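See below for the structure under consideration.
The values are calculated or read from the model by the stated rules, or taken from the named source; none is laboratory data. For clarity, every value in this text was computed on a predicted model and none was experimentally measured. Reconstructed Cβ throughout: ideal geometry from the backbone, glycine too, with neighbour counts over all protein chains shown.
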């Protein structure tokens, strides 16, 4: 049923195997079912949709909910904002993390003894929500996308992991390059970065997912709805309107029932994750085990 | 050759290195250390009109009134209960699931299922909360639709304090169990295969091999992760709780982070917000240091 007979299937499937496979399949279904449900409702014709009927496969297939939401400026703007913050934020994260990690990887650099403990300390203690908020506000970054990028430019965990990755790169290569007249700047761009492709891919994935999913900072800094990111939009569409019932009337949404539109919004918001998932999974797994080197 | 170069010449030698790491260093100074001055507000009766320098100093008064507040114990209880429930219900599941995945005979079956169970981890808490609403809300929730079709009365799961803790733990299980298997599965691959062969020759059953080889093989990983998890008992998932929070469940949902946020940012009571944040930060630090020390004593590298 699952795979053609291959040489690694040495024994016949036992009762234990069937139980085990069943258990795994049940858990997988639990993981997938919510998405299947959301997908099915989102593709169901809003006119035919019956709120009290359970569906797991689109009935009366229609793209109406999608065309409705794509034509809604506020939603598309929040999506554009999220794309912008994710792309710019990730590039900034990578630049700062890799240059910084290269810096703290050199024990000969004067100040190394102070810098590393100071960085490590932020791993276990931070000033907390209120002081960080006041700082960002006093810098005039309210409603600026920089408020979502600058306070999280890098973090101790990423720096320390990238540092240990860089330390693993042969120092002989660096020495040879220096003999040839390369400065540390040259070594970084010509040797370290090209040899760090795996780490760069892993951290690209980590940073992108974090930016795309970020909620709290956007909530406290983006007070104007024009600057909302996608998670804020989703939250206001779904969580705020359905805690107590779900029937929120809005002139916008008279023509179509809310539910199919909500589901379409969810699908659009996770689409980038789904599309990049093969890549995400591969490098995320690496990231976890990279982190475990020190775990 | 000079035995010891002067500091200036060593700094000059590394000038490009400073250039490269300058943004990181400035970042840490501005965004990680500068806000720590704000912690002093915990010892002030801070008034935005007077500003930091002119606000009155009150010593530990803010802490005293915070500890005397009966709500302090409610938050402490919520934190401990949610933490404990997550530990007891959630922690063992990735271990069980990785043992199950390890026992599968078909590579394809295994990798397909791994791909599926990791997926929820990449979904934001906002979407996870939304999916929870689709499942449980009284208006559009699937469960209540089923109740309706069976002629049963609707249950308001999301506004009933009875269900809050279990919903939060359920979300965590759904979102993170699959992802949690990664470390255990990679620990299993380090177990010597000769042990399994020897056990097979000795006639050990499948269950015996799991209990006497695989499980002991990953026991060090389990112990270390458990200890490190204990170090984070005060971090119970701020965004997650905030998203599931509503006024009806306040008594079971309020944790230190949410309280610091409401008081400090929504209400503008900066001193109280900072006090709560500082309390949580210091207690968290103590737990983390203790657990990290314990982990190191058991032979792990710890997290720092």
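Structure notes:
- Filter pass, residue A:189 being at negative phi and buried (at least 20 other Cβ atoms within 10 Å of the Cβ): no
- Selection count where residues are under 29 Å from residue B:118 (Cα atoms) and in contact (Cβ under 8 Å) with a residue 60 or more places away in the chain, scope the stretch A:44-68: 3
- Within the set A:173, A:150, the sole residue that is part of a helix (DSSP H, G or I) and surrounded by 16 or more Cβ atoms within 10 Å (Cβ to Cβ) turns out to be A:150.
- Applying the set (1) more than 8 Å from chain A (Cβ to nearest Cβ); (2) outside any helix (DSSP H, G or I) to residue B:172 leaves exactly one unmet item: (2).
- For the stretch B:136-161, residues that are more than 7 Å from every other protein chain (Cβ to nearest Cβ), touching a helix residue (DSSP H, G or I) at 6+ places or on another chain (Cβ under 8 Å) and in a helix (DSSP H, G or I) total 5.
- Selection from the stretch A:153-168 of residues that are surrounded by 16 or more Cβ atoms within 10 Å (Cβ to Cβ) and assigned to a loop (DSSP other than H, G, I, E, B): A:153, A:154, A:155
- Residue in the stretch B:167-175 that is over 27 Å from residue A:205 (Cα atoms) and either assigned by TED's automatic domain parsing to the domain that holds residue B:235 or modelled with pLDDT under 95 (or both) present: yes
- Which numbered condition residue A:50 fails, given (1) in contact with a helix residue (DSSP H, G or I) (Cβ under 9 Å, 6 or more places away or on another chain); (2) at pLDDT below 90: (1)
Rundown of residues vs (1) more than 29 Å from the chain's Cα centre (by Cα); (2) buried (at least 16 other Cβ atoms within 10 Å of the Cβ); (3) within 14 Å of chain A (Cβ to nearest Cβ); (4) modelled with pLDDT of 90 or more, yes/no style:
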site	(1), (2), (3), (4)
B:21	yes, yes, yes, yes
B:28	no, yes, yes, yes
B:39	no, yes, yes, yes
B:74	no, yes, no, yes
B:82	no, yes, no, yes
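- A single member of B:134, B:184, B:147, B:122 is surrounded by fewer than 16 Cβ atoms within 10 Å (Cβ to Cβ) and either modelled with pLDDT under 95 or not assigned by TED's automatic domain parsing to the domain that holds residue B:214 (or both), and it is B:147.
- Hits in the stretch B:246-275 (condition: surrounded by 20 or more Cβ atoms within 10 Å (Cβ to Cβ) and at the interface with another protein chain (Cβ under 8 Å from one of its Cβ atoms)): B:257, B:260, B:261, B:264, B:270, B:273, B:274
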